[in-house]
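Since every read-out is calculated from the coordinates, none of them should be taken as a lab result. Note that the structure is a prediction, hence the values are computed from the model and not measured. Cβ coordinates were reconstructed from backbone atoms using ideal geometry, including for glycine residues, and neighbour counts include every protein chain displayed.
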């Protein structure tokens, strides 16, 4: 194992006083085939990173692509790590295209590699200290040197190549302690998507850097060990061809993901498109009612009519009242629901996250056969009570 670490004074992040972390319910999140996606631009995502570093509370960023989607369907722990995120940005072009087909107003693709590149450009942004963990042998060390040679507001305070150990091995004190001692505000990991997400999820409470993300090949790009695809290939969804040129072994992963994606498109995406287009006649206006249970720890809610984008603002107001109270458990009766769109499914994912953070449970009951099918097509069947 090879480690370079430089401890820098933590008093370099010159921003206004600490702010409260917003409720997850206030995020503009849509659900795309079980994955939460925030509607953000690269610029707004970078702003959120600086704000989260200032708050110094855990802020997990995920950047879903096709491989993330397939892993989330197959692996419940991987899915949970995405749902536990504080910011979920659509990385892959196919994800952006599918999201837009489902009515998600994504403005642009926000690739993990672009995040590190934009941060390193500097400008008028506050100071930010990063730590690089993983990548190929020598990549993190070279990326550290490259970042620190730039005239930017980003300082790399350490890099660590941990080898190819298991998640358990990489979760031992030595790795975690070195990261925490660095004083970093942003931890960037590159361990392979599945292992990296599992490692971040498992060590969520042990890690001290407030902002953390698995940014895949970003470290290798920054180090110069890999060349990024030309911009036109990135924009038209052909970056994978360039990646195979740079790393030929990736062809098998892309092939397997493409085969799995074809099944998802056939059995999930196309039926959802048909329902969205032809299956919504007679939707009634939506409404959310919440009744407190006498013991003060639980509440019952009933959802009616069409649970769609227009119902979200009023629902957030009511649900935030629940989140800000001693209530931990919420039973949501959806027996009278006509339809649920991607935006309201995103809100339900965020509600589940907020209740779980408080040690509570969201129980969704009463789904009709039609609505139960919608949950399963959206890869959310796990949310329903049997």
In whole angstrom, the spacing between the Cα centers of segment 334-386 and segment 286-330 equals 13
Using a Gaussian network for the chain with springs between C-alpha atoms less than 10 Å apart, which of these wobbles most: 58, 36, 313?
313
Using helices alone, what [θ] at 222 nm do you get for the chain, with -39,500 (n - 2.57) per DSSP H run of 4 or more residues, divided over all residues and rounded to the nearest 500?
-12000 deg cm²/dmol
0 to 90° range, to nearest 10: angle between helix 312-323 axis and the chain longest Cα axis
80
Can you give me the orientation-averaged projected area of the convex hull built on the Cα atoms of segment 215-283, in nm²?
6.9
Need one number: % antiparallel among DSSP beta bridges in the chain, to the nearest 5.
30
Give me the distance between the Cα centres of segment 37-60 and segment 149-205, rounded to whole Å.
18
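Would you mind putting 374-384, 77-87 in packing order, based on average other-beta-carbon counts within 10 Å, highest first? Before the final figure, lay out each step's value.
Details: 374-384: 18.0, 77-87: 20.5.
Ranking, from highest mean packing down: 77-87, 374-384.
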Sorted peptide list for 206-213, 98-105, criterion being average Cβ within 10 angstrom, highest first:
206-213, 98-105
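With a ≥ b ≥ c taken as the square roots of the eigenvalues of the C-alpha gyration tensor of segment 25-113, please select rounded if a/c is under 1.5 and otherwise prolate if a/b is larger than b/c or oblate if it is not?
Oblate is the answer for segment 25-113, as a/c is 1.5 or above yet b/c matches or exceeds a/b.
Decide, for segment 53-97, between rounded, prolate and oblate: order the square roots of the alpha carbon gyration tensor eigenvalues as a ≥ b ≥ c, take rounded if a/c falls under 1.5, and otherwise choose prolate if a/b is larger than b/c, else oblate. Write out the running numbers ahead of the final one.
Details: a/c = 4.13, a/b = 1.50, b/c = 2.75.
Because a/c hits 1.5 or more and a/b fails to exceed b/c, segment 53-97 counts as oblate.
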Connecting every pair of Cα atoms under 10 Å apart in the chain and solving the GNM, the largest mean-square fluctuation among 137, 330, 200 falls on 137
Measure nothing but the geometry: give the 0 to 90° angle between the long axis through the Cα atoms of 250-264 and the longest principal axis through the Cα atoms of the chain, rounded to 10°.
10
Quick one: angle between helix 42-55 and the longest Cα principal axis of the chain, in degrees between 0 and 90, rounded to 10, please.
80
For segment 192-313, taking Cα atoms only, what is the radius of gyration to one decimal and the Dmax to the nearest whole Å?
22.7, 63
Of the residues 353, 369, 48, which exhibits the maximal mean-square fluctuation in a Gaussian network model of the chain defined by a 10 Å Cα contact cut-off?
369
Please list the radius of gyration and Dmax for the chain, considering alpha-carbon atoms only, with Å as the unit.
21.4, 63
Rg in Å to one decimal, and Dmax rounded to a whole Å, for segment 287-383 via C-alpha atoms
12.5, 36
Give the share of C-alpha pairs in each 5 angstrom bin for segment 65-199, from 0 to the last occupied bin, in whole percents, shortest bins first.
2, 9, 16, 19, 19, 17, 11, 6, 2, 0
